[in-house]
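The values are calculated or read from the model by the stated rules, or taken from the named source; none is laboratory data. A quick note: this is a predicted structure, and the numbers were derived from the prediction, not measured. In this analysis, Cβ positions are derived from the backbone assuming ideal geometry, glycine residues included, and neighbour counts consider all displayed protein chains.
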Amino acid sequence: MSTRSLSALLICSLLLPQMASAYFPEDVTLPPGPPMQVITEEPLVAAKPPPLPAVEPVAYTWNSDALIKRSTFVAAIVRRLFKPSERCFPKLSESDYSLLARDVEKDASYGIDLCTAMRAGVMRGFTDGNFRPNALVTRAEAAKALAKAFQLATDTTDPSEQWSAHYVKALIDGGALSADADLNGPITRGELSKMLWTTRAMKKAQ
């Protein structure tokens, strides 16, 4: 190989690294890429139930002339004056139908109330063993129930006396019942309300 060729090779070996670094510098900066997109998962939104239909307010109207069934009466009186309990049932004798009504099941809505009233002697069934829950309460029945509940009168010992006379007299004397009231007629809510509050006052005055 000639001296000229060796010189050319030596020059190339010295210049090639510099040329390469000129075209491919080590600190070459790449152009910025597109901004990174952060994907966030939106929370699942549960479907809302349809709104309930609007309900118009209903005003409760007190009707003082309304009549009262025996089942409603016994529940109202017992729940105000006693503490009804299911323990009442075992204390009743199923063979004594003066204490247990044949036409009222124990799971009736007023069954415990009736049982409590019978145990307290406030109300009883009829001689046929039925209570007749849908029958209307008479003034005489209401007078006896409240007079016994507030202990304003006791059972009469006179067999000739009418069953309600003793109790009716006590309420008439105390102003809870009018002397000319129809005792066999059905009592109204207004009359019962007056009778209840008056007998309560009579009890407190004793």
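Computed values, structure above
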quantity	calculated
Residues that are among the hydroxyl-bearing types (Ser, Thr, Tyr), outside any loop (DSSP other than H, G, I, E, B) and in contact with a helix residue (DSSP H, G or I) (Cβ under 9 Å, 6 or more places away or on another chain), drawn from segment 104-143	Thr116
Where a residue in segment 61-79 is in the same structural domain as Gly190 (by TED's automatic domain parsing) and of a type outside the set (A, V, I, L, M, F, W, C) and its partner, wherever it lies, is at pLDDT below 90 and surrounded by 18 or more Cβ atoms within 10 Å (Cβ to Cβ), with Cβ under 9 Å and at least six apart	none
Subset of segment 52-79 [modelled with pLDDT of 60 or more and outside any helix (DSSP H, G or I)]	Thr61, Trp62, Asn63, Ser64, Asp65, Ala66, Leu67, Ile68, Lys69
Subset of segment 114-159 [loosely packed, with under 14 Cβ neighbours inside 10 Å and either on the phi > 0 side of the Ramachandran plot or modelled with pLDDT of 85 or more (or both)]	Thr127, Asp128, Asn134, Gln151
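Yes or no, residue by residue, for (1) crowded, with 17+ Cβ neighbours inside 10 Å; (2) without any contact (Cβ under 8 Å) to a residue 40 or more places away in the chain; (3) of a type outside the set (D, E, K, R); (4) part of a helix (DSSP H, G or I):
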| site | (1), (2), (3), (4) |
| --- | --- |
| Glu161 | no, yes, no, no |
| Ile172 | no, yes, yes, yes |
| Asn184 | no, no, yes, no |
| Gly190 | no, no, yes, yes |
